[in-house]
1. Find the residue count for segment 1-28, including only residues that are at pLDDT below 75, part of a helix (DSSP H, G or I) and loosely packed, with under 10 Cβ neighbours inside 10 Å.
2. Can you pull out every residue in segment 165-203 that is among the hydroxyl-bearing types (Ser, Thr, Tyr) and touching a Pro at 6+ places or on another chain (Cβ under 9 Å)?
3. Grab the strands (runs of 3 or more DSSP E) fully contained in segment 304-403, keeping just those with 3 or more residues being in contact with a Ser or Thr (Cβ under 7 Å, 6 or more places away or on another chain) and surrounded by 20 or more Cβ atoms within 10 Å (Cβ to Cβ).
4. Working only within segment 497-543, note down all residues that are open to solvent by 30 Å² or more (accessible area, probe 1.4 Å) and at pLDDT 75 or above.
5. Go through segment 97-146 and count every residue that is among the acidic types (Asp, Glu), more than 27 Å from THR415 (Cβ to Cβ) and either touching a residue at least 40 places away in the same chain (Cβ under 8 Å) or not in a loop (DSSP other than H, G, I, E, B) (or both).
6. Scanning for something among the β-branched types (Val, Ile, Thr), over 26 Å from the mean Cα position of the chain (by Cα), part of a helix (DSSP H, G or I) and at pLDDT 95 or above, does segment 432-447 turn up at least one residue?
7. Somewhere in segment 179-192, is a residue within 21 Å of PRO392 (Cα to Cα), in contact with a helix residue (DSSP H, G or I) (Cβ under 7 Å, 6 or more places away or on another chain), in a helix (DSSP H, G or I) and open to solvent by 10 Å² or more (accessible area, probe 1.4 Å)?
8. Could you check segment 212-225 and list, in sequence order, the residues that are open to solvent by 10 Å² or more (accessible area, probe 1.4 Å) and not basic (Lys, Arg)?
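The values are calculated or read from the model by the stated rules, or taken from the named source; none is laboratory data. All values derive from a computational prediction rather than experimental measurement. Here Cβ is always computed from backbone atoms with ideal geometry, including for glycine, and neighbour counts include all displayed protein chains. For accessibility, only protein heavy atoms count, side chains too; no ligands or nucleic acids. Shrake-Rupley method; radii C 1.70, N 1.55, O 1.52, S 1.80 Å.
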Amino acid sequence: MDYSSSWLNSFLVRFRLSANLFLSQFEPLALLLAPLLTLFIARLLHSLLSVIHEKGLKATVLALSMRSIKLVPGVQSYIDAEKQKVVDKLQSGSKSKKEHWRTELPTTGLGVGVIEEMKDVKSNDADWKGKCSGTVYIGGSESEGHFSLINEACSMFAHTNPLHLDVFQSVARFEAEVVAMTADLLGCKEKASGGQVCGNMTSGGTESILLAVKTSRDYMKAKKGITRPEMIIAESAHSAYDKAAQYFNIKLRHVPVNKEFKADVKAIRKQINRNTILIVGSAPGYPHGIIDPIQELGKLADSYGICLHVDLCLGGFVLPFALKLGYPIPPFDFTVRGVTSISADVHKYGLAPKGTSVVLYRNHDIRKHQFVAVTEWSGGLYVSPTIAGSRPGGVIAGAWAAMMSLGQQGYLENTRKIMEVSKMIQKGIKEIPELFIIGNPDMTIVAFGSAVLDIFEVNDIMSGKGWHLNALQRPNSIHICVTLQHVPVVDAFLQDLREAVQTVKENPGPISGGLAPIYGAAGRMPDRGMVQDLLVNYMDGTC
């Protein structure tokens with residue numbers, strides 16, 4: 001024991017002398033800075049590797065290259081000037097209109113005369129009747145029929161606010177019944193659902209998605225202790241998930257769709273790790289109207305013990321009825337094991353007033369994590385179920401009126417009409433040799449592109465004919481979201497589309513005032529950060 005201790009002391013003395021002798025050749029300041037510099041380089045490398053892991057090597061190298069180029073004198077100012085030209089092009093026409101917008105209250109109020117001014121301003125809106133992709137889902141004229149009914153319902157409860165449950169008990173009942181009726185459509189009474197489906201009304205699909213993401217984050221933190229949450233979505237999933245990721249500090253992983261333009265289950269599985277809280281399926285996806293493999297995603301979520309949200313914002317009030325009509329609709333609701341939450345918009349195919357959606361959860365244990373409770377506020381005890389505090393009771397009443405007035409038979413008949421029109425449009429597009437349909441649409445959205453024409457030029461021609469379609473990317477295409485407004489004009493749409501294709505075929509090249517060059521350039525632009533800047537600058541100038 002004494003010998004071992006002596007040997008160890010001798011070794012430490014020799015090591016100390018050798019170390020001091022070696023370090024004596026360096027400046028004391030260098031010895032002080034070396035560990036700090038090493039730590040800095042290590043942190044820098046760690047950050048770089050994290051960025052590469054998140055965005056990929058190609059995107060990271062491109063971003064670094066663009067930053068380096070912008071350091072060259074004059075380059076940044078040139079890029080800014082070119083970006084402004086694009087923004088001005090996108091905003092062309094809107095600036096001149098803003099010149100006459102009011103910037104202060106009138107000295108003397110207009111009284112009831114304000115209605116005439118509103119009618120005058122409204123007369124300048126685009127003619128949306130039968131011409132818009134989605135947008136207005138109710139059929140007919142806005143002064144009669146179902147329009148008139150929900151307008152009356154909304155005005156009757158325009159002064160109400162469900163925040164005050166003790167005062168406006170009628171609106172509280174309407175909301176509960178809208179949620180219950182929607183849950184009934186989506187499998188809540190089937191044994192596989194667990195019999196505890198619950199939810200709330202929200203202001204729209206985006207809020208429903210935001211709440212589902214926030215709830216999943218907090219539920220998984222309580223269940224599995226996840227503090228660095230991540231979620232995985234297909235490229236076809238709605239951009240509201242990107243918004244939720246930014247709002248709630250969640251790392252978002254995008255995966256490509258498969259050859260059928262559905263969420264790629266294998267690609268999603270590869271991205272799952274210990275921080276994954278949520279995966280997403282769409283029924284259908286907004287871009288192409290294609291239903292993701294919800295059953296497979298449900299099995300995946302269940303096996304890993306994570307959440308699965310199904311985006312039924314478009315399909316919630318169509319797919320249950322399309323299934324009854326005999327269309328081959330794959331499983332999509334709470335009857336699928338593993339589905340933990342669903343969003344469904346009542347203000348789309350539910351034909352309710354704008355600003356009404358529903359978010360549903362498999363059980364109360366999950367939904368409780370949606371609520372915000374504050375116990376230490378001097379204003380009293382506070383608890384709120386959704387993002388908004390005060391909410392307009394009028395649109396809730398309008399949603400209840402819409403669902404009650406139509407009933408199951410009404411929705412069945414509406415679904416029959418729009419599904420038939422969707423099939424007619426698909427058939428008509430297939431007969432135009434220059435066009436092809438993206439994937440195999442399951443519902444009422446038909447996306448189409450071209451291998452021989454600039455599809456955005458076709459879109460510009462259609463815009464000139466009064467049609468308002470949606471431009472898509474990856475691949476470049478446009479789509480129409482079929483509503484009841486399109487039932488009487490489907491032949492006119494197909495005729496105009498044939499003429500637009502023929503015009504572009506005979507006279508290729510952008511039309512004056514068209515946005516095809518901008519859409520095309522944005523799609524080809526490798527620096528997505530620059531495209532993001534363009535969008536932000538555009539929005540900054542329009543609101």
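1. The number of residues fulfilling the criteria is 4.
2. Within segment 165-203, just SER203 meets the criteria.
3. Fully inside segment 304-403 and qualifying: 307-311, 341-345, 357-361.
4. ARG498, GLU499, GLN502, THR503, LYS505, GLU506, ASN507, PRO508, PRO510, ILE511
5. Residues that pass the stated criteria total 3.
6. no
7. Yes, that holds for at least one residue.
8. Correct list: ASP218, TYR219, ALA222, GLY225.
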